[in-house]
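See structure below.
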Amino acid sequence: MAPSARPYRGVFPVVPTIFTETGDLDLAGQTRCVDFMIDAGSDGLCILANFSEQFVLTDAERELLMETILGHVAGRVPVIVTTTHFSTAACAARSRRAQELGAAMVMVMPPYHGATIRVPEAGIVSFFQRVSDAIDIPIMIQDAPVSGTTLSAELLARMAREIANVAYFKVEVPQAAAKLRRLIELGGDAIEGPWDGEEAITLLADLDAGATGAMTGGGYPDGIRQIIDPFLAGDREAAVAAYGRWLPLINHENRQCGLATAKILMKEGGIIACDAVRHPLADPQPASRAGLLDAARRLDPLVLRWAR
């Protein structure tokens, strides 16, 4: 069991999936990545998310990564496993398996496929109810534009009140802070974890709105802790100052290098041997990579020193 008690709070960054130069899984690099992220102050971790390139993994690779990472973490921090699938049965089975392997929570998007296949509201409620019925750990609903599904604050609050394990919400839509405020207002105590996403680009506004957790990129949990820790301790001025220091790097991740960011920083710091994303994804342009590293070096994050 994970040592942290519910409600889960703080910084739960996404773990990148580490590949070799030939595109195979690099499990040794993967475990070093996880060790660094824990040493850098992560309150917990999230695996197999979109920023983990989950959409380029086979089912067998997903299983291997779950077994490897959850076994290696061994309860040091709680781990959230992304189990999104269009099929209710498949999502429920993934979620049960994650629980069996020691996951503290699962993160799930509403069912969607391609640009046009969506499920109406009644089907979304039924989907989350059936997934909840299959497990005993909390569900985080990922409310993100990539699903192409509008989830109103009213719908999210209703599911929190009516579905036993729906308790956490990662909100990363435009005007996220306003939506978080509305969700908290409507859901009350049923909203166990209103969380920020989008690599912390809206973190300060979301904290002001009542967010208690942040799911960010995995390259600099120590930097995000400098923002969220003082805020949750009641020192907003220190949080604002820290946010100002780290914002150029946050912005570069969110707008320039995307899901390659953590791996670029980890390779530069000697944690992993290869920072490539998996085809057909393309690596960032060299100038973007250089700009990212310039922004990072100005802050001296642990990722550039941990393996030295």
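Observations on the structure shown:
- Within segment 185-217, the set of residues being under 17 Å from Ala49 (Cβ atoms) and of a type in the set (D, E, K, R) comprises Asp196, Glu198, Glu199.
- Matching option when the condition is of a type outside the set (A, V, I, L, M, F, W, C) and under 21 Å from Thr261 (Cα atoms), among Gly44, Gly71, Gly102: Gly44
- Across segment 29-88, the qualifying residues are those that are closer than 28 Å to His113 by Cα and of a type in the set (Ser, Thr, Tyr), and the one among them that is surrounded by the fewest Cβ atoms within 10 Å (Cβ to Cβ) is Thr58.
- Boolean, Ala205 is surrounded by fewer than 22 Cβ atoms within 10 Å (Cβ to Cβ), among the small types (Gly, Ala, Ser) and more than 27 Å from Glu21 (Cβ to Cβ): yes
- Meets criteria (in contact with a helix residue (DSSP H, G or I) (Cβ under 6 Å, 6 or more places away or on another chain) and of a type in the set (A, V, I, L, M)) for Ala205: yes
- Residue check, Arg182 under 26 Å from Phe55 (Cα atoms), modelled with pLDDT of 95 or more and over 18 Å from the mean Cα position of the chain (by Cα): no
- Filter result for Ala60 (part of a helix (DSSP H, G or I), closer than 28 Å to Ile38 by Cβ and more than 21 Å from the chain's Cα centre (by Cα)): yes
- Segment 213-239 residues that are closer than 13 Å to Asp196 by Cβ and modelled with pLDDT of 95 or more, paired with ones that are of a type in the set (D, E, K, R) and part of a loop (DSSP other than H, G, I, E, B) (beta carbon under 6 Å, 6 or more apart): Gly213/Arg9
The values are calculated or read from the model by the stated rules, or taken from the named source; none is laboratory data. Note that the coordinates shown come from a computational prediction; the quantities given were computed from them, not determined experimentally. Heads up, the Cβs are rebuilt from the backbone with ideal geometry, glycines too, and the neighbour counts pull from every protein chain shown.
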